[in-house]
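To keep things clear, I will list the structure first and then write my remarks on it.
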Amino acid sequence: MSDAPVTAGVADDGRPGAWEPVIGLEIHVQLKTRTKMFCGCATSFGEEPNTHVCPVCLGHPGTLPVINERAVEYATRIALALGCRVGGPTIFHRKNYFYPDLPKGYQISQFDQPLGVGGHLDVELESGETFRVGITRVHMEEDAGKLVHSGGATGRIHGADHSLVDFNRGGTPLVEIVSEPDIRSPEQARSFLTQLKSLLEHLDVSDVNMEEGSMRCDANVSLRAAGAEFGTKTELKNMNSFRFLQRGLDAEIERQEDILEAGERVTQATVHFDPTTSSISVLRSKEEAHDYRYFPEPDLTPIELDSEYVERVRASLPEFPAARKERMMRTYDLTAYDAGVLSANRSLGDYFERVADIVGDGKVAANWVTGDFAAYVNGVGLQVEQSVVGPEALAELLGLVAEGTLSGKMAKEVFAEMTETGRGARAIVEERGLGQISDSAALEAVVAAVVAANPGQAEEFRQGRDKVFGFFVGQVMKETKGQANPHLVNELLRRRLTG
Amino acid sequence: MNVLGLSAVECRALLESRDLSALELVTLYLDRINAVDGDVRAFLAVDAEGALRRAAEVDAIDPAQRRPWDGVPIALKDVLCVEGWETTCGSRILAGYRPPYDATAVAKLREAGLIFLGRLNMDEFAMGSSTENSGYHVTHNPWDLERVPGGSSGGSAACVAAAEAPWALGTDTGGSIRQPASLCGVVGMKPTYGAVSRYGLVAFASSLDQIGPLTRSVTDAAALLDIIAGHDPRDSTSIGLPEPIRLPTETDLTGTRFGVVTEYMGDACEPGVRQVFHDAVAAVTALGGQCEEVSLPSVEKGIAAYYIIAPAEASSNLARFDGVRYGHRAAHSDDLLEMYTRTRSEGFGAEVKRRIMIGTYVLSSGYYEAYYGQAQKTRTLIMRDFERAFAQVDFLISPTSPTVAFKVGERTDDHLAMYLSDLCTIPVNLAGLPGISLPGGFSGGLPVGVQIVGPHFSEQGLIDVAYALEQRLDIRARPALGEVRP
């Protein structure tokens with residue numbers, strides 16, 4: 001990194017203002033273990049303050065940490081899924097700093113011997129192109145508590161007259177994923193984070209919910225003239241949605257551009273994005289940055305991950321989204337788009353595969369799962385697993401369409417009722433008499449009656465006015481309350497009118 | 001019968017035979033504390049009410065249902081968490097703090113049936129060698145009230161020497177059990193690092209701290225160690241001992257090889273201490289032991305390494321005393337930084353502040369390798385020295401402290417002289433080895449201790465040889481103190 005000021009915003013091609021963003025992300029993921037990282041307290045979200053605490057996670061004198069084995073397993077899954085080198089001894093360090101949400105005055109984290117190093121994630125852009133983001137490290141640590149500032153108008157520390165600490169979150173296991181500065185635009189950053197989230201979902205190790213804070217993202221951002229050395233970076237903190245990440249990066253890049261265009265230097269600092277005003281505020285400059293005085297945590301012994309353990313965890317890894325997408329395209333004859341949607345979300349993909357396997361028609365299953373089904377769960381705000389219409393129930397409905405009992409249009413209505421009542425498709429169809437009339441004898445009578453009742457139109461058709469045909473179809477449908485099988489109606493009408 | 005002159009094991013026998021009730025025994029000790037502690041000042045607090053209540057409960061238990069140590073009293077260094085008591089570590093910053101749980105060692109004592117008499121004075125956060133750094137008061141040596149009892153477990157050693165309790169628990173980070181045991185003429189043992197759980201021991205230097213017994217006999221040290229040792233799932237660094245500890249009976253040392261550490265034999269020790277030590281070596285030889293010189297070339301760097309590693313860990317361990325959740329908080333601060341600064345300025349004493357500053361400095365960016373990194377390398381060299389020595393001999397023998405008890409106030413301004421008090425004991429902590437100090441004799445009427453150190457987890461052997469030497473030396477003098485002479 002160069003400290004020399006970049007005085008002109010002129011790229012190699014002479015185009016003014018051609019600054020290239022250089023972005024690296026640090027992602028914190030809360031692991032969904034049952035208990036905390038170093039004590040037996042239950043992990044929790046949104047519960048009464050300070051109800052999931054004990055002497056250990058409150059940092060009482062004399063208490064000691066004990067490593068949560070499940071957290072190590074989950075972290076290992078993440079590191080392996082990101083292609084990191086894992087194995088040998090990994091140790092915890094103490095990161096020392098004072099803050100009221102940090103009960104021990106230090107965070108137990110990892111430093112120069114993290115769990116995993118040197119991985120990567122291949123990210124697919126909407127254009128179909130892929131780019132590779134290096135993963136510097138994957139390490140374990142504990143979360144801090146939460147401060148609640150009271151008495152001020154904004155709920156922020158400024159203007160508050162007192163602050164309260166909730167230690168329920170304190171000690172929750174976190175994995176920090178640090179990327180190389182391989183990202184070159186806010187859009188790329190968003191794609192990377194989206195696909196990382198999808199990967200973590202597949203690993204079943206975290207809720208990865210940005211709004212609830214189980215996935216948090218900081219970004220290191222700098223600008224450089226194309227091909228030049230990296231510029232001075234700032235750290236954009238805690239963006240709590242994918243949209244804010246992109247907008248925050250846009251705003252910070254614009255701010256740095258303005259500084260550089262004015263011939264000034266970017267100073268190393270932590271910056272905060274305010275989504276309501278789309279503005280960046282500089283929180284603290286790195287001159288007063290903490291010296292964390294890392295040293296090996298003497299209360300814990302090194303973790304030795306032997307190759308047998310690593311291989312066992314590796315063998316337990318699920319299929320990753322990219323591989324699943326390929327397989328879905330092959331096995332179910334799906335378009336890249338449908339396979340992309342269905343492989344991005346693990347439960348949606350599982351749901352689809354179950355339906356497709358029962359129905360035996362991947363395309364039909366994909367249309368329904370990405371269409372009506374996705375619209376239903378997203379509309380109600382449900383997880384796929386929470387849907388009252390399970391994959392077997394949807395498959396039953398699609399079976400009724402395939403055998404001709406229901407039209408596509410009727411099936412949509414039945415599906416809507418299934419989501420409301422939780423009842424099966426066949427039961428609804430039978431109770432409401434919705435089955436398509438596919439009985440040609442029954443339809444024949446209706447067709448004969450309709451043609452007999454409209455002799456004028458029948459004559460017009462015979463004289464070559466094809467348009468009148470639609471009139472007859474409409475009449476038959478009207479008589480059958482829309483339940484007639486349209487293919488059969490066409491066939492019978494044509495035969496009678498021309499016969 | 002002079003009950004106050006008895007060891008804990010002997011008290012247990014009297015309780016078992018019903019020759020003495022628990023209430024009688026506890027009352028005797030509480031009376032003794034009343035009689036002499038105004039002079040000794042070993043206790044920070046005495047829980048007379050709790051002790052008498054427990055004693056009455058024990059006496060009401062059907063003898064067949066009694067646990068092994070039901071009714072035997074003990075006193076505890078104020079660095080161990082006891083549910084329901086205040087635990088202050090001798091510091092003003094923890095005034096009023098009542099831990100919500102028992103330390104594992106304390107819980108084991110409770111389960112064994114022991115009765116807690118009270119909590120004992122110490123150098124603040126165990127930082128010191130004289131108990132003069134207590135945030136509350138100075139403890140006096142029962143052999144000469146103008147002198148210090150040593151430290152940091154000065155309250156524990158003084159209390160046992162003055163017969164205010166049959167035995168006590170202390171903690172040892174750089175000699176804090178063995179040095180005061182030596183200065184007060186009692187037995188003090190630091191177990192192998194990992195033998196006893198540190199859960200509930202308020203940390204000074206996590207990689208060095210161990211809990212251990214201070215007793216009037218080696219047999220009592222064996223019994224107390226057996227109660228408190230063991231692996232604890234709450235302490236990842238705890239291992240326990242390979243076997244339960246047997247009470248010692250062997251009085252012959254034939255075939256046992258002892259190493260006399262060359263580096264401790266120079267001018268470091270005062271002549272009176274050297275004389276007692278030579279007599280002890282002669283006693284070992286008389287018992288059939290073989291003594292030879294061994295060299296530990298790196299131990300002289302031990303104090304330097306220790307005064308980097310221990311403060312580094314302490315600076316981090318003591319960060320939690322920030323006024324946010326418990327203990328002292330300065331009144332009327334305008335912002336967070338002021339609250340932290342004033343709380344810690346008011347709550348910590350000078351020695352604790354000194355070590356926090358040293359520790360913070362040696363860990364800071366740019367200095368870490370030069371100080372903390374080098375100190376860790378030195379620590380490895382010291383471990384190798386001991387490994388080489390134990391390939392040659394079974395145990396090492398040395399004076400425990402280079403001097404007898406010094407006068408109160410004599411060294412308070414000379415920090416380096418104070419730090420040198422732990423010359424012979426510190427390397428043992430750095431290497432994580434077990435060590436025992438037992439009374440070896442007197443110099444100018446003041447006790448001199450002899451230290452025996454063994455390989456990791458050699459506690460049983462260490463106790464056996466210490467017992468043989470104890471029987472041979474047969475020291476019976478007790479401090480003349482108070483109206484009731486034990």
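The values are calculated or read from the model by the stated rules, or taken from the named source; none is laboratory data. Keep in mind it's a predicted model, so treat the numbers as computed, not measured. Cβ coordinates were reconstructed from backbone atoms using ideal geometry, including for glycine residues, and neighbour counts include every protein chain displayed.
Brief remarks on what is shown
- Selected residue (criterion: nearest to the other protein chains (Cβ to nearest Cβ)) from residues of segment B:288-304 that are part of a helix (DSSP H, G or I) and among the aliphatic types (A, V, I, L, M): B:Ala304
- B:Arg355 vs. criteria buried (at least 21 other Cβ atoms within 10 Å of the Cβ), under 30 Å from B:Phe321 (Cβ atoms), within 14 Å of chain A (Cβ to nearest Cβ) and among the charged types (D, E, K, R): no
- Qualifying positions in segment A:110-139 - among the charged types (D, E, K, R) and under 18 Å from A:Gln188 (Cα atoms): A:Asp122, A:Glu124, A:Glu126, A:Glu129, A:Arg132
- Beta carbons closer than 6 Å, at least 6 apart along the sequence or on distinct chains, pair a first residue in segment B:368-393 that is closer than 30 Å to B:Glu292 by Cβ and in contact (Cβ under 8 Å) with a residue 40 or more places away in the chain with a second that is among the basic types (Lys, Arg) and surrounded by 13 or more Cβ atoms within 10 Å (Cβ to Cβ) for B:Thr378/B:Lys301; B:Val393/B:Arg257.
- Boolean, A:Val123 is within 12 Å of chain B (Cβ to nearest Cβ), in contact with a Phe, Trp or Tyr (Cβ under 8 Å, 6 or more places away or on another chain), more than 18 Å from A:Asp299 (Cα to Cα) and in contact (Cβ under 8 Å) with a residue 24 or more places away in the chain: no
- Among the candidates B:Ser217, B:Ser207, residue that is touching a residue at least 24 places away in the same chain (Cβ under 8 Å) and within 14 Å of chain A (Cβ to nearest Cβ): B:Ser207
- Total residues in segment A:42-66, condition facing chain B (nearest Cβ under 7 Å), at positive phi and in contact (Cβ under 8 Å) with a residue 12 or more places away in the chain: 1
- Check on A:Asp258, modelled with pLDDT of 90 or more and assigned to a loop (DSSP other than H, G, I, E, B): no
- Residues satisfying the stated conditions in segment B:305-326, i.e. of a type in the set (Phe, Trp, Tyr) and either within 7 Å of chain A (Cβ to nearest Cβ) or not in a helix (DSSP H, G or I) (or both): B:Phe321, B:Tyr326
- The one condition in (1) closer than 30 Å to A:Pro100 by Cβ; (2) part of a helix (DSSP H, G or I); (3) over 27 Å from the mean Cα position of the chain (by Cα) that B:Ala391 fails to fulfil: (1)
- Lone qualifier among B:Arg379, B:Arg478, B:Arg411 - being among the basic types (Lys, Arg), within 22 Å of the chain's Cα centre (by Cα), assigned to a loop (DSSP other than H, G, I, E, B) and surrounded by 19 or more Cβ atoms within 10 Å (Cβ to Cβ): B:Arg411
- Residue list for segment B:433-465, restricted to those being polar (S, T, N, Q) and more than 14 Å from B:Val186 (Cα to Cα): B:Ser443, B:Ser458, B:Gln460
- Residue within segment B:185-192 that is among the aliphatic types (A, V, I, L, M) and in contact with a Gly (Cβ under 6 Å, 6 or more places away or on another chain) present: yes
- Any hit, segment B:418-426, residues being in a helix (DSSP H, G or I), at pLDDT 95 or above and in contact with a Phe, Trp or Tyr (Cβ under 7 Å, 6 or more places away or on another chain): yes
- Reported count of residues in segment A:462-488, each being in contact with a Ser or Thr (Cβ under 8 Å, 6 or more places away or on another chain) and in a helix (DSSP H, G or I), is 3.
- Among the candidates B:Thr254, B:Thr171, residue that is crowded, with 24+ Cβ neighbours inside 10 Å and either away from every other protein chain (no Cβ under 14 Å) or not acidic (Asp, Glu) (or both): B:Thr171
- When A:Asp291, A:Asp357, A:Asp338, A:Asp372 are checked against the criterion of being surrounded by 13 or more Cβ atoms within 10 Å (Cβ to Cβ), not polar (S, T, N, Q) and not in a helix (DSSP H, G or I), a single residue qualifies: A:Asp291.
- In segment B:329-352, residue nearest to B:Ser206 (Cα to Cα) [restricted to those that are assigned to a loop (DSSP other than H, G, I, E, B) and within 13 Å of chain A (Cβ to nearest Cβ)]: B:Arg329
- Tally, over segment B:177-204, of residues that are at positive phi and either surrounded by fewer than 24 Cβ atoms within 10 Å (Cβ to Cβ) or within 14 Å of chain A (Cβ to nearest Cβ) (or both): 2
- Condition check for B:Cys269 on (1) under 22 Å from the mean Cα position of the chain (by Cα); (2) modelled with pLDDT of 95 or more; (3) of a type outside the set (Val, Ile, Thr): one failure, at (2).
- Any chance B:Ala163 is part of a loop (DSSP other than H, G, I, E, B), at pLDDT 95 or above, in contact with a helix residue (DSSP H, G or I) (Cβ under 9 Å, 6 or more places away or on another chain) and hydrophobic (A, V, I, L, M, F, W, C): yes
- Of all residues in segment B:144-151, one or more are closer than 30 Å to B:Ala330 by Cβ, without any contact (Cβ under 8 Å) to a residue 40 or more places away in the chain, part of a loop (DSSP other than H, G, I, E, B) and under 21 Å from the mean Cα position of the chain (by Cα).
- Meets criteria (over 18 Å from the mean Cα position of the chain (by Cα), among the aliphatic types (A, V, I, L, M) and more than 13 Å from chain A (Cβ to nearest Cβ)) for B:Leu94: no
- None of B:Asp422, B:Asp474 is under 22 Å from B:Ser153 (Cα atoms) and charged (D, E, K, R) except B:Asp422.
- Residue, surrounded by the most Cβ atoms within 10 Å (Cβ to Cβ), within segment A:78-110, restricted to residues that are over 12 Å from A:His139 (Cβ atoms), basic (Lys, Arg) and within 11 Å of chain B (Cβ to nearest Cβ): A:Arg94
- Any hit, segment A:147-162, residues being under 28 Å from the mean Cα position of the chain (by Cα) and charged (D, E, K, R): no
- The one condition in (1) part of a helix (DSSP H, G or I); (2) under 30 Å from A:Glu141 (Cα atoms); (3) among the hydrophobic types (A, V, I, L, M, F, W, C) that A:Phe230 fails to fulfil: (1)
- Scanning segment B:97-128 for residues that are among the acidic types (Asp, Glu) and over 17 Å from the mean Cα position of the chain (by Cα) turns up B:Asp102, B:Glu111.
- Matching residues, segment B:220-235, being buried (at least 19 other Cβ atoms within 10 Å of the Cβ) and either away from chain A (no Cβ under 14 Å) or in contact with a Pro (Cβ under 8 Å, 6 or more places away or on another chain) (or both): B:Asp220, B:Ala221, B:Ala222, B:Ala223, B:Leu224, B:Leu225, B:Asp226, B:Ile227, B:Ile228, B:Ala229
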